[in-house]
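A.B. asks: Following this message is one structure expressed as structure tokens.
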Amino acid sequence: MYAQMVTSEATKDSPEKLAAFQARIDAGEQIEPKDWMPEGYRKTLIRQIGQHAHSEIVGQLPEGNWITRAPTLERKANLLAKVQDEAGHGLYLYCAAETLGVTRDELTRMLLDGRMKYSSIFNYPTLTWADMGAVGWLVDGAAIMNQVPLQRTSYGPYARAMVRICKEESFHQRQGFHIMMAMAGGSSDQRRMAQDALNRFWFPALMMFGPSDKDSVHSAQSMAWKIKMNTNDELRQKFVDETVPQAEYLGLTIPDPDLAWNEEEGHYSFTEPDWSEFFEVIAGNGPCNVDRITARRTAWDDGAWVRDALMAHAEKSAARKMAAE
Ligand code: BYC
């Protein structure tokens, strides 16, 4: 059905329409669901918003794992709130994607059968409590770097969803940094755990921004359509520049011997992540891919009776209404 929708829409993309659409984008206008849009624009948004929504939902798993083992009641309440926020972000984003003519069920099926991706970062395990600090600090920190510009993205429903998401991500980043401050300023074992978490999450966090610009297949078109506001490398550099002083404040060492301030460029020089590892992870071969998808499949199967009950109720209500008319 999705494929049919795509094919029939593609025939409407005349050069005049495409030029008029691009002029609207260039003038900074926002596109709304009922406006005409090129099929490529619609497909790109469904791919990006859907991947983003799936990331929020799958992203609950590595942290949910630690809710029952948080060291204090306050830490537990904060982590619980953060994980619930992520469910909310997933829902706003699925709703934004639905305005493009795809249903949440279709998006979920595409995730479960491997036709859609979610962020590479959630295929790494969270081994210690310090990982909750590193995830909040680095993963949410990277997410904010990417998502703040998306508040100005050209598609209205996506841009508006981002406004609230960014406010909440900012709280998430701070709660992660707060955990890192406690661990880095704690006992020698706690400092060791904090450093170990940074060592394991640094390069995967850099991978979150996507492949280097020369290997990014979608950036040029997505930026012309203002679906993406910055290139992958621009955002990665900004993240490194902002995060290095934070690590220094914590007294932790970024696991990159070549990291150095480049006075001429006004940026840090740093080692690129291992891109072969990144491509393996997004191909499904990371340390936790199987666990993550299995957990989502189980949740989908376990929820079948709820979806069936809702459909049966809707059908009965509609039949009653028809009979009364
Ligand atoms: N993981 O041409 P490119 C969060 C794929 S944070 C997996 O540069 P694009 C959260 C890409 O899809 C994370 N796949 O692509 C945080 C493409 O493959 P397909 C979610 C990746 O789309 C804390 C191929 O590589 N944020 O949710 O122009 C707690 C070529 O890449 C990744 C967003 O999704 C990756 N890291 O740029 C809880 C933000 N990177 O689709 C939750 C919105 C690339 O052709 N998304 N790929 O098969 C974006 O800004 C862009 O989609 C990306 C990639 C920068 C991620």
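A.B. asks: Listed residues 142, 134; which is closer than 27 Å to residue 230 by Cα, within 9 Å of the ligand (Cβ to nearest atom) and touching a helix residue (DSSP H, G or I) at 6+ places or on another chain (Cβ under 7 Å)? Before you say what the answer is, go through the steps one by one.
C.D. replies: Working: 134 fails: within 9 Å of the ligand (Cβ to nearest atom).
Checking each option against the conditions leaves just 142.
A.B. asks: Still on this structure: Kindly provide the set of residues from the stretch 103-131 that are in a loop (DSSP other than H, G, I, E, B), near the ligand (Cβ under 9 Å from one of its atoms) and of a type in the set (A, V, I, L, M, F, W, C), ordered by number.
C.D. replies: 116
A.B. asks: I've got another one for you. Taking the criterion of being open to solvent by less than 40 Å² (accessible area, probe 1.4 Å), within 20 Å of residue 289 (Cα to Cα), among the aromatic types (Phe, Trp, Tyr) and touching a helix residue (DSSP H, G or I) at 6+ places or on another chain (Cβ under 9 Å), would at least one residue in the stretch 111-118 satisfy it? Show your work before the answer.
C.D. replies: Taking the stretch 111-118 and keeping what is open to solvent by less than 40 Å² (accessible area, probe 1.4 Å), we get 111-112, 116, 118.
Still in the list and also within 20 Å of residue 289 (Cα to Cα): 111-112, 116, 118.
Those left that are additionally among the aromatic types (Phe, Trp, Tyr): 118.
Of the ones still in play, those that are also touching a helix residue (DSSP H, G or I) at 6+ places or on another chain (Cβ under 9 Å) are 118.
Within the stretch 111-118 (the criterion being open to solvent by less than 40 Å² (accessible area, probe 1.4 Å), within 20 Å of residue 289 (Cα to Cα), among the aromatic types (Phe, Trp, Tyr) and touching a helix residue (DSSP H, G or I) at 6+ places or on another chain (Cβ under 9 Å)), the answer is yes, since at least one residue qualifies.
A.B. asks: Hey, another quick one. So which of 93, 107 is under 21 Å from residue 304 (Cα atoms) and open to solvent by less than 30 Å² (accessible area, probe 1.4 Å)? I'd like the intermediate steps shown before the answer.
C.D. replies: Working: 93 fails: under 21 Å from residue 304 (Cα atoms).
Exactly one residue qualifies, and that residue is 107.
A.B. asks: Moving to a separate point now. If you check 80, 73, 100, which single one turns out to be touching a residue at least 40 places away in the same chain (Cβ under 8 Å) and not hydroxyl-bearing (Ser, Thr, Tyr)?
C.D. replies: On the way: 80 fails: touching a residue at least 40 places away in the same chain (Cβ under 8 Å); 73 fails: touching a residue at least 40 places away in the same chain (Cβ under 8 Å).
Criteria check complete, one pass: 100.
A.B. asks: Return a yes/no flag: does the stretch 58-68 have any residue that is within 30 Å of residue 13 (Cα to Cα), within 13 Å of the ligand (Cβ to nearest atom) and open to solvent by 10 Å² or more (accessible area, probe 1.4 Å).
C.D. replies: Of all residues in the stretch 58-68, those within 30 Å of residue 13 (Cα to Cα) come to none.
No, the stretch 58-68 contains no residue that is within 30 Å of residue 13 (Cα to Cα), within 13 Å of the ligand (Cβ to nearest atom) and open to solvent by 10 Å² or more (accessible area, probe 1.4 Å).
A.B. asks: Another one. Does residue 227 fit the bill of being in a loop (DSSP other than H, G, I, E, B), open to solvent by less than 40 Å² (accessible area, probe 1.4 Å) and modelled with pLDDT of 95 or more?
C.D. replies: Judged against the criteria, residue 227 is a match.
A.B. asks: Take the stretch 155-195 and flag every residue that is open to solvent by 40 Å² or more (accessible area, probe 1.4 Å) and among the aliphatic types (A, V, I, L, M).
C.D. replies: The answer is 163, 181, 182, 193.
A.B. asks: Can you tell me which residue among 299, 260, 283, 314 is open to solvent by less than 90 Å² (accessible area, probe 1.4 Å) and over 30 Å from residue 206 (Cβ atoms)? Write out each step before concluding.
C.D. replies: Working: 299 fails: over 30 Å from residue 206 (Cβ atoms); 260 fails: over 30 Å from residue 206 (Cβ atoms); 283 fails: over 30 Å from residue 206 (Cβ atoms).
Being open to solvent by less than 90 Å² (accessible area, probe 1.4 Å) and over 30 Å from residue 206 (Cβ atoms) holds for just one of 299, 260, 283, 314, which is 314.
A.B. asks: Another question, then. Collect the residues in the stretch 23-35 that are touching a Phe, Trp or Tyr at 6+ places or on another chain (Cβ under 8 Å) and either of a type in the set (S, T, N, Q) or open to solvent by 70 Å² or more (accessible area, probe 1.4 Å) (or both), keeping them in residue-number order.
C.D. replies: If the condition is that a residue be touching a Phe, Trp or Tyr at 6+ places or on another chain (Cβ under 8 Å) and either of a type in the set (S, T, N, Q) or open to solvent by 70 Å² or more (accessible area, probe 1.4 Å) (or both), then 30 is the only one that fits.
The values are calculated or read from the model by the stated rules, or taken from the named source; none is laboratory data. Since we're looking at a predicted model, the values are computed, not measured. So basically every Cβ, Gly included, is an ideal-geometry build from the backbone, and we count neighbours across all protein chains shown. The accessibility values were calculated without ligands, DNA or RNA, using every heavy atom of the protein model including side chains. Shrake-Rupley method; radii C 1.70, N 1.55, O 1.52, S 1.80 Å.
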